[in-house]
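All remarks here apply to the structure that follows.
The values are calculated or read from the model by the stated rules, or taken from the named source; none is laboratory data. A quick note: this is a predicted structure, and the numbers were derived from the prediction, not measured. Because the Cβ atoms are built from the backbone with ideal geometry, glycine has one as well, and the counts that use them run over all protein chains shown. The area values use the complete protein model at the heavy-atom level, side chains included, leaving out ligands, DNA and RNA. Shrake-Rupley method; radii C 1.70, N 1.55, O 1.52, S 1.80 Å.
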Amino acid sequence: MQQALDEARAAGARGEVPVGAVVVSPAGVVVARAGNRTRELNDPTAHAGVLALRAACAQAGSERLPGHDLYVTLEPCPMCASAISQARIARLYYGASDPKSGGVAQGPRVFSHPQCHHVPEVYDGIAGGAAEALLKDFFAQRR
């Protein structure tokens, strides 16, 4: 999760909402890492989790990542949760909860739907305080 927090800090320094993500292979090797880039890329889908999944899938040469873990500093939104399911991520670890836009434990709870093809193991609150502090500081500076 520390590497995901590093990606979140880098995203914040670029003026992006500070969210970071890291994909780890079954062998325990980091295969992809990313921070939010929605503003930089003018792309509403360029969330940290989606970018990390894209990079890991490209490296694997597959649209699926069975056995892989995803670490994200913020609870994935519904779009990201769906991508996590489609990629067949084995375990999702996330930091801060997102009562406004979350899609895992909040809102639509994507993994609870019968249409969800794959449900990863979910572990929340991992370095949640640090992730939440990054977000609060970022938005406080903009108000």
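Could you tell me which of rounded, prolate or oblate describes the stretch 1-132, using a ≥ b ≥ c as the square roots of the eigenvalues of the alpha-carbon gyration tensor, with rounded for a/c under 1.5 and, failing that, prolate when a/b is larger than b/c and oblate otherwise?
Taking the square roots of the gyration eigenvalues as a ≥ b ≥ c, the stretch 1-132 is rounded.
How far is helix 48-60 tilted, in degrees, relative to the longest principal axis of the Cα atoms in the chain, given as a value from 0 to 90 rounded to the nearest 10?
Between the helix axis and the principal axis of the chain, the angle is about 40 degrees.
Taking the Cβ-Cβ separation of L41 and A10 as r and a Förster radius of 22 Å, what is the calculated FRET efficiency to the nearest 0.05?
Working: r = 15 Å, r/R0 = 0.67.
The formula returns an efficiency of 0.90 here.
Whole number in Å², please: accessible area per residue of the chain, 1.4 Å probe, ligands, DNA and RNA not counted.
Value for the chain: 49 Å² per residue.
In degrees between 0 and 90, to the nearest 10, how far off the longest principal axis of the chain does helix 128-141 point, with axes built from Cα atoms?
40
Can you give me the relative contact order of the stretch 69-112 as a percent, contacts being Cα pairs under 8 Å and 6 or more apart?
Averaging sequence separation for qualifying contacts and normalising by length gives 47 percent for the stretch 69-112.
By the scheme Lys and Arg +1, Asp and Glu -1, what is the net charge of all other residues having a beta-carbon under 12 Å from that of A60?
+2
Can you give the calculated 222 nm mean residue ellipticity of the chain, where each DSSP H run of n ≥ 4 adds -39,500 (n - 2.57) and the sum is split over every residue, rounded to the nearest 500 deg cm²/dmol?
-11000 deg cm²/dmol
Count charges around R9 for me, please; just the other residues with Cβ under 11 Å from its Cβ, Lys/Arg as +1, Asp/Glu as -1.
Summing Lys/Arg as +1 and Asp/Glu as -1 gives -3.
Counting other Cβ atoms within 10 Å, which GluC sites (Glu not before Pro) in the stretch 58-143 have at most 14 and lie in a DSSP loop? It would help to have the intermediate numbers written out before the result.
On the way: sites: E63, E121, E132; in loops: E63.
Those that pass, being in a loop and sparsely packed, are E63.
First check a/c for the stretch 1-64, with a ≥ b ≥ c the square roots of the eigenvalues of its C-alpha gyration tensor; if it is under 1.5, answer rounded, and if not, answer prolate when a/b is larger than b/c or oblate otherwise.
It is oblate, given that a/c is not under 1.5 and a/b is not larger than b/c.
Using a 1.4 Å probe over the heavy atoms of the protein chains, calculate the carbon and sulfur portion of the accessible area of the stretch 87-143 as a whole percent. Could you put the intermediate results ahead of the total?
Values: 1730 of 3400 Å².
Ligands and nucleic acids excluded, carbon and sulfur give 51 percent.
Classify the stretch 64-126 as rounded, prolate or oblate from the Cα gyration tensor: take a ≥ b ≥ c as the square roots of its eigenvalues, call it rounded if a/c is under 1.5, otherwise prolate when a/b beats b/c and oblate if not.
Verdict is oblate for the stretch 64-126.
Over the chain, what relative contact order in percent results from Cα pairs under 8 Å that are six or more residues apart?
Result for the chain is 21 percent.
If one takes the longest principal axis of the Cα atoms in the chain, at what angle in degrees, from 0 to 90 and to the nearest 10, does the Cα axis of helix 2-13 lie?
Taking the Cα atoms of the chain, the angle to 2-13 is about 50 degrees.
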